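What follows is one structure encoded as structure tokens, with my remarks underneath.
The values are calculated or read from the model by the stated rules, or taken from the named source; none is laboratory data. Quantities reported herein were computed from a predicted structural model and do not represent experimental measurements. So basically every Cβ, Gly included, is an ideal-geometry build from the backbone, and we count neighbours across all protein chains shown.
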Amino acid sequence: MGAEYGSMTSHAVGIIMKEAVRRAIVVIQREQFIFEAFIKDNPHKDIDHVTTADKAAQKIYVKIFQECFPNFGIIAEEGEEDDEDSYQHLFIPCRKKADGKYFTLDALDGTNAFVRRQSHGIGTMVALVNVSDGEIESAYVGDVMSREIYGYRPGSKNVWRISDFEHFEQLTIKTDICLSERYALLRGSVHNEWVRDIVGLSSDIGAKKFRDYEIEGGSIGMSFARLWKSEVAALVIPAHYETPWDLYPALGISKKLGFVFFTKENGAFREYQHPIQTEIFMRDVPIIAIHRNYVPDLIA
């Protein structure tokens, strides 16, 4: 019989989650030059890949969380280890003792960028969510290429940027420069009319809210990280399917830092609230993530 070590503290949960992210980063970096890639049957994307790096990193996460948190559920992007080309994701239900707690895992966020051998836009993400009360209790996002980790432990009021696994810096969002002098980051190039208006892509000059815009693909987590580091003032995401493993790590950190999400309907901006659930769902409106201090400028 193993020894009992009492209740696990929130600090211990955070340390375990950070260590899981660190190990995932290490194994993905090792796979950079030896990985094998397979086309995945994904109805939500034109071309999607799964690689041996995805599988190896996810195996690390699942092993750690099943050993340390045997009652918690797991929702992960990749299916069973021997099912290389299936879109079916991994779902391990939580036990009654866990009260709706799940780890969501995107072991390799930005797989297509990884396959292209990009030097940016490749991440790994994990969140601890409680679907019973709709809370994202903890989240960590790792930048595979820079070896930086962003995140917060359960119960923490702060989000940390951890460089090279050991240098800690509390993240604070800079909003002292007016919105019209800041950049917006667009996920993809196809957006609807109100998005084109606010970034200056339409003829309605009076609707422009930002100095200019950039377009980026790859890891959604790494796009959000540019928000958290105050490199850009807003992130615009088109309508798309939302998956627990992609959404909740980025959503948890963003909300902890004071970001809010808006969409525009019938000529007016309204705040968009993401559901906290275990299922994939279709978000049929584009959204913009922006710090609450900038909301008056956005909706003016």
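So the values come out like this:
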item: Given (1) over 27 Å from VAL50 (Cβ atoms); (2) aromatic (Phe, Trp, Tyr); (3) not in a strand (DSSP E or B), number of the condition PHE168 does not satisfy; result: (3)
item: Leading residue by the ranking (surrounded by the fewest Cβ atoms within 10 Å (Cβ to Cβ)) among those in the stretch 91-108 that are touching a helix residue (DSSP H, G or I) at 6+ places or on another chain (Cβ under 9 Å) and more than 11 Å from PHE65 (Cβ to Cβ); result: ALA107
item: Hits in the stretch 195-217 - residues which are in a helix (DSSP H, G or I) and surrounded by fewer than 20 Cβ atoms within 10 Å (Cβ to Cβ); result: ARG196, ASP197, ILE205, GLY206, ALA207
item: Neighbours by Cβ (under 6 Å, 6+ apart or cross-chain): first from the stretch 261-272, hydrophobic (A, V, I, L, M, F, W, C); second outside any strand (DSSP E or B); result: PHE261/TYR272; PHE269/ILE299
item: Hits in the stretch 72-85 - residues which are more than 18 Å from VAL13 (Cα to Cα) and either modelled with pLDDT of 90 or more or within 18 Å of the chain's Cα centre (by Cα) (or both); result: ALA76, GLU77, GLU78
item: Number of the condition not met by ILE162 [criteria: (1) among the β-branched types (Val, Ile, Thr); (2) assigned to a loop (DSSP other than H, G, I, E, B); (3) within 19 Å of ASP143 (Cα to Cα)]; result: (2)
item: Hits in the stretch 109-123 - residues which are surrounded by fewer than 20 Cβ atoms within 10 Å (Cβ to Cβ) and polar (S, T, N, Q); result: ASN112, GLN118, SER119
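A quick yes/no check of all residues on (1) small (Gly, Ala, Ser); (2) at pLDDT 95 or above:
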site: ILE64; (1), (2): no, yes
site: PRO70; (1), (2): no, no
site: TYR87; (1), (2): no, no
site: LEU90; (1), (2): no, no
site: ARG95; (1), (2): no, no
site: ASP106; (1), (2): no, yes
site: ALA127; (1), (2): yes, yes
